[in-house]
Structure formats: structure tokens, C-alpha cells
Amino acid sequence: MTTTKRETLLPYGKQLIDEDDIQAVVDVLRGDFITQGPAIERFERKIAEYVGAKYAVAFCNGTAALHGACHAAGIGPGDEVITTPVTFLASSNCVLYQGGTPVFADIDPVTYNLDPISAEKAITPRTKAIIAVDLTGQPAEMDRLSMLTHDRGLILIEDAAHSLGASYAGKKVGTWADMTMFSFHPVKHVTTGEGGVIVTDSEEYRDRLLTFRSHGTTKDPKRLTRNDGPWYYEMQELGYNYRMTDLQAALGASQMDKLDRFVERRREIARMYDEAFRSIPGLIVPKQHPAAESSWHLYVLRWDETIFAGGRDRAFAELRDRNLGVQVHYIPIYRQPYYSDKGYSAEAFPHSEEYYRTALSLPLFPAMSNDDVEYVIASVRETADLLGTFYN
Ligand SMILES: *Cc1c(COP(=O)(O)O)cnc(C)c1O
């Protein structure tokens, strides 16, 4: 090893909080409402405006937001929902919460996103919706997927937990699908600690999401079956307490002001990685669909098993040894015992399997210094040298 090992772990992702953000939260703490107050709507409006959608409904986390979207879409027992297996568990668990059946389709081997052709082949008379996931921040092929769904009366939901600030065909992620989810977990583009949102242009979906997030209750005079007085509200369906607090919303609104800067820094780091690794035989750098402009949540570097002794597994160990918090995003969901016990298996997913064997996420977040980036580059180069020489 020629590079000196760093003393602290460099994680794959991390929040960037500054004094403005802290002040925004303190202001809420000193005010009248720490939940169900005006900060929620301010945050919702800010996100809706940023992505160009009509409405935004905030939730206590992204998973709850996806659950809300499945509820609003009317997904229930007997309904099938097609999605990618290479994603976080929430993308398909939200279907199970509603009693629906997730159906996996394979990924495109170049972009790692849901392959529209496999998705089309998975459609049956029971299919109700498709959940597209913008893996790593690169939007899925939203033009083809929206044609596929709209031609057949299916609902398109976009899990955009990775892609706030990204665009597809020149249009911001947030209006391509019927409902789009963003997450505000600390590793995502902007954070509220825990948090999520659904953006939509549909007033009907917006109303259903608002009701769902507050126990299934409504005070809307137009929707009440009777009215006992000004105190009166009705529970017309089963909902949850999935609300975001004003503390979180104030933090999120303050973070949104920095989103473009955060995304620009992520793109800059991704370019440095691309340049450093593109010409190293056996390393496969991320490729972009011509219409996609990624906001770079993750930088996934793949390690060709025929070139590097021990492949990705050995590279993972070597890089962890150098205090790099590399990760694998993701274990294909059909491999999870909960899913395989239900009969899901790897057989139909050769591209997902190959991806899973070779993929490794490098540290990527706006607070990284250029020295951090250089350290990652040097460590990857040295690891590639080390594992590559066994075959030379
Ligand atoms: C982060 C994430 C979510 C939502 O996660 P929460 O932690 O519940 O906000 C959903 N899907 C993907 C792909 C994610 O990365």
C-alpha cells in the first residue's frame, strides 16, 4: 500500500447541515407549532415548485410515502405491481402492506434500471401499477414506462428516493409519473432526519394521501356524510399517523435552498471518478442513458470477475480495510428470505444477478473534500493493481 490509511471511516453517504439549517429548526422550537403547523405546507410547496408538480404531501419517511401512494392508487389483494428487484426493500414492501403482490422484472444491464421490455413481459390482467426506481439517481426510462402504463390504464409510481434534482429528457423528475416519491433520509440529497414526500398533479391522489397520513380522517365539508358541528371530523377509511413534524419540515425547507449546489458537487465528484477509473481494464464505470441527467445519489463501480482475483468481494474487503465505507446497493429483493419463502427466486433475473455479484458503491456526498475524493481514487487504483496482478 502506498497511500497512508486514513484514520476515520469515510462513509458512502452523509448529510451536510449548516448553521442556517440549525437556526431554522431552533426557530420552530421557539414557536407555537412543532407538529401540524405551517412549516409543513411551506416545505410541501417548495418541493412541488422545485420539481414543477401541482401538489406535494409530506410523510414521516419515504417508506410511509410509498405506502400512501399504493393506497391512493387503490392497490389491494389480487393486484400485481411490477418493479425492479435491484432496489431498497421499501420499493416492493409498500405493495405487500396493501395486500398486493410485487412482481419483479429484470434490470437493463447498462443502466441497472428496470428494463421496459422485461416490465412489459411481466404485465398480466391483474397488473395494476408499475413502480419505477431511479437507481443511483439516474432516472428510469420514464418516457417508455409512461407509454407502457398509460396505454393500458395502469398507474405509474416513481420511487425517486435517489433522484431529487435529476432530469429525464430535459424535464425534472417529479412529473413523469402519476405519483413520485422522494426520501429525506440523511444519505439522500436533502435531509429531514427521517422524511418523505409524494408529488403529484392529481387533486384526487393529493386528497387520498392527506387522509391516509392522518388516520383516514377528513374535515372537508364536501366529503362528510353529515356534519354535527365545527368540531366534527369523519374517519371514512383506515389510515395511519404518518405525519412529518414541523421541525423536520423546517430543516427540509432550509436544505432545499442548497439542493442545486449539493447536486452540482455530486456531479463533480462523479466526473472525477469517471475520469480516474474509465481506462482501468476490468473496472466498469456507470453509464448514462442519453436522455437521463443523474443527480448522483450513488456511484456504483463494477469489478469484472474475470480480471480481478476474488472479484468484488475481495475489493470490498480491501477498501473497507482502508477505512472506506463502501457498500453494495442492493441485494436483489427476491434473495431475501421473507421473499424467497413466498416463492420468489433468482432464476428469471440474470442481469440483476450479474450486477449483484460485481457492484460496489463508493463514497459520494457533497461534504467530501477533494482530498477525500483523491483518497478514494488512490485506494481503488491500488486495489485494482493488487487484485489484477494475480492474473498477469
Ligand atoms: C431511501 C429509499 C427509500 C425510502 O426510505 P426511507 O428511509 O423510508 O425514507 C425508498 N426506496 C429507495 C430506493 C431508497 O433508497
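A dipole drawn for the stretch 19-256 from +1 and -1 charges on Cβ atoms has a positive end, and of Leu145, Phe104, Thr200 the residue lying farthest that way is Thr200. Near Phe308, once Lys and Arg are set to +1 and Asp and Glu to -1 for all other residues with Cβ below 14 Å from its Cβ, the sum equals -1. Put simply, the amide H of Val103, placed in the peptide plane, has neighbours under 5 Å in Val81, Ile82, Thr83, leaving out anything fewer than 5 places away on its chain. GNM on the chain, alpha-carbon springs under 10 angstrom: the most fluctuating residue among Asn61, Asn113, Asn370 is Asn370. Normalised by the number of residues in the stretch 259-391, the average gap of Cα pairs under 8 Å and 6 or more apart makes the relative contact order 33 percent.
Dipole check for the stretch 19-256: with +1 at the C-beta of Lys and Arg, -1 at the C-beta of Asp and Glu, and the Cα centre as origin, the magnitude is about 400 Debye.
Between Phe349, Phe59, Phe182, which gets the highest mean-square fluctuation from a Gaussian network model of the chain, Cα cutoff 10 Å? In the Gaussian network model the winner is Phe349. As a rough footprinting exposure proxy, the listed residues Lys222, Lys46, Lys287 were ranked by other beta carbons within 10 Å of their own, and the order from fewest upward is Lys222, Lys287, Lys46.
Once the Cα-Cα distance is subtracted from the 0.36 nm per residue extended length, the Ile34 to Asp371 segment shows a gain of 117.4 nm. Positive contributions from Lys and Arg (+1) and negative ones from Asp and Glu (-1), summed over other residues with Cβ under 11 Å from the Cβ of Pro332, come out at -1. Each Lys and Arg Cβ is given +1 and each Asp and Glu Cβ -1; about its Cα centre, the stretch 259-391 then shows a dipole of about 200 debye. Computed per residue of the chain from DSSP H runs no shorter than four, each worth -39500 (n - 2.57), the mean residue ellipticity at 222 nm is -11500 deg cm²/dmol.
Sparsely packed loop sites in the stretch 91-166 (the trypsin sites (Lys or Arg not before Pro) outside DSSP H, G, I, E and B with at most 14 other Cβ atoms within 10 Å) comprise Arg126. Note on the chain: GNM, Cα springs under 10 Å; of Thr217, Thr87, Thr101, the largest mean-square fluctuation is that of Thr217.
In this rough spin-label picture, where each label sits 7 Å from Cα along the Cβ direction, the Ile280-Tyr338 distance is 3.6 nm. Sorting Arg357, Arg302 by the number of Cβ atoms found within 10 Å of their own Cβ, with the fewest placed first, yields Arg357, Arg302. Among Leu301, Leu66, Leu387, the ranking by other beta carbons within 10 Å of each residue's beta carbon, starting with the fewest, stands as Leu387, Leu301, Leu66.
Exposure here means at most 16 other Cβ atoms within 10 Å; with GluC sites (Glu not before Pro) in a DSSP loop as sites, the longest stretch of the chain lacking them is 8-236. Applying 1/(1 + (r/R0)^6) with R0 = 45 Å to the Cβ-Cβ distance of Gln288 and Tyr232 gives a FRET efficiency near 0.25. In terms of its C-alpha gyration tensor, the stretch 275-329 has an oblate overall shape, because the principal axis ratio a/c (a ≥ b ≥ c, square roots of the eigenvalues) is not below 1.5 and a/b does not outweigh b/c.
Multiplying the residue separation of His150 and Asp20 by 0.36 nm and removing their Cα-Cα distance gives an extension gain of 42.5 nm. Shown here: the stretch 1-93, whose C-alpha atoms stretch 57, 46, 24 Å along the first, second and third principal axes, sorted largest to smallest. Computed from the C-beta positions of Leu386 and Glu354 and an R0 of 22 Å, the FRET efficiency is 0.40 to the nearest 0.05. Is the stretch 259-391 rounded, prolate or oblate when judged by the Cα gyration tensor, a ≥ b ≥ c being the square roots of its eigenvalues, rounded requiring a/c under 1.5 and prolate requiring a/b larger than b/c? It comes out oblate by the Cα gyration axes. Among residues other than Gln255 with Cβ under 12 Å from its Cβ, the summed charge is -1 (Lys and Arg +1, Asp and Glu -1).
Does the chain come out rounded, prolate or oblate, given a ≥ b ≥ c as the square roots of the eigenvalues of its C-alpha gyration tensor, rounded meaning a/c under 1.5 and, failing that, prolate meaning a/b above b/c? Judged from the Cα gyration tensor, the chain comes out oblate (a/c at least 1.5, b/c at or above a/b).
Since every read-out is calculated from the coordinates, none of them should be taken as a lab result. From a predicted model like this one, the values you see are computed outputs, not experimental measurements. Note that each Cβ is placed from the backbone with ideal geometry, even for glycine, and that neighbours are counted across all protein chains shown.
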